[in-house]
Amino acid sequence: MGQAIGQTLSFGVGVALSPMPIILVVLMLSTPKGRVTGLAFLSGWIIGLAVVGTTVLLLASAEDASEAGAPATWVSAVKIGLGILLLLLAVKEWRERPRSDAEPELPGWMTTVDKFSPAKSAGTAVLFGAIKPKNLILIIGAATAIAQTGASTASQAVALAVFVVVASAGVAVPLAIYFFTGDRATMILSGLRDWMTRENATIIAVICLIIGVKLIGDAIAALSA
């Protein structure tokens with residue numbers, strides 16, 4: 001079980017550090033319905049990660065991702081492909097980052113969060129958490145990494161649950177600040193929103209670079225063994 005859990009941690013952190021969803025939660029919490037829509041967003045985020053992660057894990061396990069405890073050859077090939085995609089995404093985000101004299105702007109639709117229903121909040125969370133390219137790649141990477149260990153079904157389920165918890169920490173933090181810091185919440189969340197908005201592209205580029213290199217390195221090591 002320990003090996004399966006260890007395989008997921010970097011992927012979970014990569015999903016957790018998703019600036020736009022965190023910014024979106026902060027914006028929701030500044031609206032009159034913030035408590036309800038914020039919690040709905042977190043619920044949708046968790047459900048999306050769990051459903052997609054479970055689906056990929058079942059598919060990978062069915063295809064014999066583990067060969068005597070080592071990753072199957074096709075798993076290493078998938079890792080190389082995912083790693084390349086992440087490196088390309090890193091380059092794209094780095095090139096599109098705002099220059100030092102440019103003020104980053106949020107998408108226009110994000111100004112309408114005060115009109116979000118709980119259902120729309122949850123649906124938006126599924127989109128950002130489990131369908132957007134960066135996170136989808138990381139979920140696939142995490143699930144295949146769990147499957148390649150050849151651990152028992154129960155151990156794999158626990159590892160996936162740990163991944164979902166870690167991956168949900170980013171959007172859970174603003175809610176924790178909102179509910180537990182009282183009058184200081186507005187100031188703290190405002191600072192978090194401004195920093196995330198300014199550094200959005202850089203954060204994504206760095207995450208994609210680090211995990212992309214890790215995936216490719218792990219795959220090459222497994223193929224060379």
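Laboratory data are not the source of any read-out in this text; all were calculated from the coordinates shown. Keep in mind the model is a prediction, meaning the values are calculated, not measured. We place every Cβ from the backbone using ideal geometry, glycine too, and count neighbours over all the protein chains shown.
Some notes on this structure:
- Here Glu105, Glu93, Glu63 are placed in order of increasing Cβ neighbour count within 10 Å, fewest first, which gives Glu105, Glu63, Glu93.
- Taking amide H as placed 1.01 Å from N in the peptide plane, the amide H of Ala151 sits under 5 Å from none that are at least 5 places away or on another chain.
- From phi via Karplus (6.51, -1.76, 1.60), per-residue ³J(HN,Hα) for region 119-126 in Hz, x at Gly/Pro: 5, 5, 4, 5, x, 5, 5, 4
- Folded to 0 to 90 degrees: helix 169-180 orientation relative to the chain principal axis, Cα: 40
- Listed pairs Lys92/Lys120; Lys33/Lys92; Lys79/Lys120; Lys92/Lys132; Lys92/Lys115 exceeding 24 Å between Cα atoms: Lys92/Lys120; Lys33/Lys92; Lys79/Lys120; Lys92/Lys115
- Phi to ³J(HN,Hα) by Karplus 6.51 cos²θ - 1.76 cosθ + 1.60 over region 149-159, Hz, x for Gly, Pro: 6, x, 5, 5, 4, 5, 5, 5, 5, 5, 4
- Taking 0.36 nm per residue of separation and subtracting the current Cα-Cα distance, fully stretching the chain between Val173 and Leu223 would add 14.1 nm.
- Axis of helix 2-16 versus longest Cα principal axis of the chain: the two differ by about 30°, to the nearest ten degrees.
- Counting neighbouring Cβ atoms within 10 Å and putting the fewest first, the residues Leu86, Leu39, Leu58 line up as Leu58, Leu39, Leu86.
- Packing-based exposure ordering (other Cβ within 10 Å, fewest first) of Phe179, Phe11, Phe41, Phe128: Phe179, Phe128, Phe11, Phe41
- With θ taken as phi - 60° and the Karplus curve 6.51 cos²θ - 1.76 cosθ + 1.60 applied, the whole-hertz 3J(HN,Hα) list for region 184-197 is 7, 4, 4, 5, 5, 5, 5, x, 5, 4, 4, 5, 5, 5 Hz, x standing for glycine and proline.
- Gain in span if fully extended, Asp114 to Ile188, counting 0.36 nm per residue against the direct Cα distance: 24.7 nm
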